[in-house]
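The values are calculated or read from the model by the stated rules, or taken from the named source; none is laboratory data. Bear in mind that the values here come from a model prediction, so they are computed numbers and not experimental data. FYI the Cβ positions are ideal-geometry reconstructions off the backbone, even for glycines, and counts take in every protein chain you see. Note: accessible area is taken over every heavy atom of the protein model, side chains too, but ligands, DNA and RNA are not part of it. Shrake-Rupley method; radii C 1.70, N 1.55, O 1.52, S 1.80 Å.
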4 protein chains.
Amino acid sequence: MRVKDEIKQDAVIEATVALVNEIGFVSSSVSKIAKRAGVSPATIYIYFKNKEDLLVSTYIQIKTCLAQAIMENFDANLPVRDALLQAGTNLYAYISSHSELFYFTEQFANSPYADLVNRDEIEIQFKPLFDLIQYGVDQKIIKDAPFELLFAHLYLPIFSLVNPRMHPDFKATPENIELSMNMAWDAIKL
Amino acid sequence: MRVKDEIKQDAVIEATVALVNEIGFVSSSVSKIAKRAGVSPATIYIYFKNKEDLLVSTYIQIKTCLAQAIMENFDANLPVRDALLQAGTNLYAYISSHSELFYFTEQFANSPYADLVNRDEIEIQFKPLFDLIQYGVDQKIIKDAPFELLFAHLYLPIFSLVNPRMHPDFKATPENIELSMNMAWDAIKL
Amino acid sequence: MRVKDEIKQDAVIEATVALVNEIGFVSSSVSKIAKRAGVSPATIYIYFKNKEDLLVSTYIQIKTCLAQAIMENFDANLPVRDALLQAGTNLYAYISSHSELFYFTEQFANSPYADLVNRDEIEIQFKPLFDLIQYGVDQKIIKDAPFELLFAHLYLPIFSLVNPRMHPDFKATPENIELSMNMAWDAIKL
Amino acid sequence: MRVKDEIKQDAVIEATVALVNEIGFVSSSVSKIAKRAGVSPATIYIYFKNKEDLLVSTYIQIKTCLAQAIMENFDANLPVRDALLQAGTNLYAYISSHSELFYFTEQFANSPYADLVNRDEIEIQFKPLFDLIQYGVDQKIIKDAPFELLFAHLYLPIFSLVNPRMHPDFKATPENIELSMNMAWDAIKL
DNA sequence: GATGAATGAGCCTTCATTCAT
DNA sequence: GATGAATGAAGGCTCATTCAT
């Protein structure tokens, strides 16, 4: 028998991302994805249980890559500020150079499919970062505010700025990114 | 006669918003919207050119309402900080009490339909607010950063925090909102 | 608006019967039925909830016609023998001249769809005949056996003989039918 | 090796019968049969030319078993009546204890596949019984009617009564079976 | 021999839209 | 203006069968 071809599975996921970028989440049908991936529609159902599974798997895979990129060279021994801002810079770098992945996640996250993913599975990858924020709070370096609040002010502006659909006029130059990270820090520092 | 028209048109828009909330953007078909609005599918095509027009119109109407809510009692004569934070508070208040409208816009904005709306038409409503930010920069009250950057740090955290899909654990209490606005101000103030 | 077209609904049912005769129950798809009826597949779903509904409705309609044909000129005042045999003759006459309807019901009855029909709805049409059999038992004209047994020996042989698929060599001449009815009577008479 | 073959082949046939009983002829696909039999779909095509061949083979195998069961201990030297009724009793006994086989044949016989089987191959197994009927006719013990007619009145009622789908209210007790066989004999005896 | 991967065709159903009243 | 009927195209998915190991 033939062996399951991981290359083929990846091709399907890549085609999914590409197609969603081109024609949007709503219009991306299984057969179009299959055509783009160069496989039969039926083949997709060998690798994924159904359309939902395909989309959720694609999302989780992207999010996992993103998490790894953000947490790369994360060093809790650095000064809190430096460690946190490094993550933001990583975030910017990754999204900038993988905008098509980013588009997919944005469309996915704002769809009912989003309710199907296990958030914990993703968030656990940021544990060291979360711990560091808490440490900053404990050390009275960071404001004593709910975690979600701190996180939102730290990373959401950059997360949004990097999205051309939301900010078509923004130029994500290194200078601007640095500016943004400084502003983020000003927001949360005590 | 005129009155009757608008009632029916509004019913369709309301049904659109409600349905997108319930079953999502992807699954909301014209016939389902018609059924929910209590009209014939054909009737929708009297008021809207096609499905795209219906969705875009719904989006613009919501965004217009949102803009009005934000800019309500906006007073450029107040201290810059107070005026800007007031807008943020308005934003929070409106979204909190109209979450179904908010969900629609989030799904819409992350779809290819978003590219069809004239952004200027919406942004012009915020002109006074934008001008005030620029004034703050000129007066060296606010950091000298690109406008998009300032705007993002001012309002995006709250815009995201208020979305339960993104922050299911966040409690949008008045205290937290005030905290958030203060952090936003710390981010942009000089 | 257009008015619902009963002619169209009948065309669909007729096409269903015809197609099942030609290619069998298993191969009769909704789109083939639509093509045969000269309508769009989608049109079928205006008149029937789904494929199951189409098949069940077709079945019930045929069974109703069959019941009417059998019970036509049924006369409980005739001698029991004559009245019961008349029904058998009617059965034979109807099936012979509507074999395509008969084929459909045979295929339907031996499929899981059969479990979906309300048997009572059909059987009630034979009430007078059932009553007469009971009367025959009470009058000691007919054997004192369970109703199902009497019924089976009265009408099942002819029901089967008339089916070319089961009895390709049998010639359903009037003489043979009369012979069969006499044998049926011999079976049940006291 | 040879043994293993037949085990697998039988497993497939058993799975076919079981599945048809559970979900019906229409819904029984090759892959589902394979899964139920614990083999690969491809394996089925080693033992059977195609789906049609699988179904027809299954049918013939069942019919052969049924024929053997009916003709077991058939004794042409007994009085005609006794010999014929014994076969009926055997028929009842076999079907009662192998209802799942019976269901399959009913669904198969009322499908286009039925036209593909060589009837002679099956009927030849009943030769002694057929001969005995003819003998009864010649000896003026049995009515002088076409063979099909005699056969239908002898065995079809019981064949139908034993089918719960057709007679859900009938209790196939030994007493009822004896009653039925007597009625059958009354129908055909001179 | 035996397998699971692979497939184009087809399944049932719903889509966005238009027609006729 | 307003409607439900009507539709070809497309939706997600499974089919019977073959391929490559």
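Worth pointing out:
- Shown for chain A are the DSSP H helices of 20 Å or more along their axis, judged by Cα atoms, with a mean Kyte-Doolittle hydropathy of at least 0.5: A:6-23, A:51-71, A:147-161.
- Solvent exposure of chain A, expressed per residue, is 49 Å² of accessible area, with all protein chains present and a 1.4 angstrom probe.
- Cross-link table A:35/B:51; B:49/C:4; A:51/C:32; C:8/C:35, entries beyond 22 Å C-alpha to C-alpha: A:35/B:51; B:49/C:4; A:51/C:32
- The range B:1-48, relative contact order [Cα under 8 Å, separation at least 6], %: 35 percent
- Placing a label point 7 Å from Cα along the Cα-to-Cβ direction at residue A:64 gives distances to the equivalent points in the other copies of 4.7, 5.2, 5.8 nm, listed shortest first.
- Computed about the Cα centre, the dipole magnitude for the range B:1-48 is approximately 160 debye when only Lys and Arg (+1) and Asp and Glu (-1) carry charge, each at its Cβ.
- Dividing the helix sum by the residues of the protein assembly as shown, where each DSSP H run of 4 or more adds -39500 (n - 2.57), gives a mean residue ellipticity at 222 nm of -22000 deg cm²/dmol.
- Solvent-free Debye scattering, log10 I(q)/I(0), computed from the Cα coordinates of the range B:52-188 at q = 0.09, 0.18, 0.22 Å⁻¹: -0.27, -1.10, -1.47
- Taking the Cα centre of the range C:60-188 as origin and assigning +1 to Lys and Arg Cβ atoms and -1 to Asp and Glu Cβ atoms, the resulting dipole is close to 120 debye.
- Near residue A:149, once Lys and Arg are set to +1 and Asp and Glu to -1 for all other residues with Cβ below 13 Å from its Cβ, the sum equals -4.
- The chain A residue nearest the rotation axis shared with chain D, using its Cβ and rounding the distance to whole Å, is A:42, 4.
- Options C:62, C:167, C:7, ranked by Cα towards positive dipole end of chain C, top entry (Cβ charges): C:7
- The separation of the range A:1-48 from the range A:55-132, counted between C-alpha centres, amounts to 24 Å.
- Percent RCO, i.e. relative contact order, over chain A, from Cα pairs under 8 Å lying at least 6 residues apart: 21 percent
- Anisotropy class of the range C:70-136 from Cα gyration tensor, a/c 1.5 cut: oblate
- Cα gyration tensor, the range C:1-107 - rounded (a/c under 1.5), prolate or oblate: prolate
- Take residue A:127, move 7 Å from Cα toward the beta carbon, and the resulting point lies 5.5, 7.4, 8.0 nm from the same point in each other copy, nearest first.
- Label-point spacing for residue D:11 across the identical copies (point 7 Å from Cα in the Cβ direction), in nm and ascending order: 3.3, 5.2, 6.2.
- The protein assembly as shown: C-alpha gyration tensor shape, a/c 1.5 cut-off, then a/b vs b/c: prolate
- Relative contact order, whole percent, for the range D:30-125 stands at 30, derived from Cα pairs under 8 Å and 6 or more residues apart.
- Cα-centred dipole magnitude for the protein assembly as shown, charges only on beta-carbon of K, R (+1) and D, E (-1), debye, nearest 20: 740 debye
- With a 10 Å cut-off around each Cβ of B:105-111, the average count of Cβ atoms from other chains is 6.
- Placed amide H near residue B:142: partners under 5 Å, 5+ positions off or other chain: B:137, B:190
- Selected from A:59, A:155, A:45 as most flexible by GNM, with chain A as the system and alpha-carbon contacts under 10 Å: A:45
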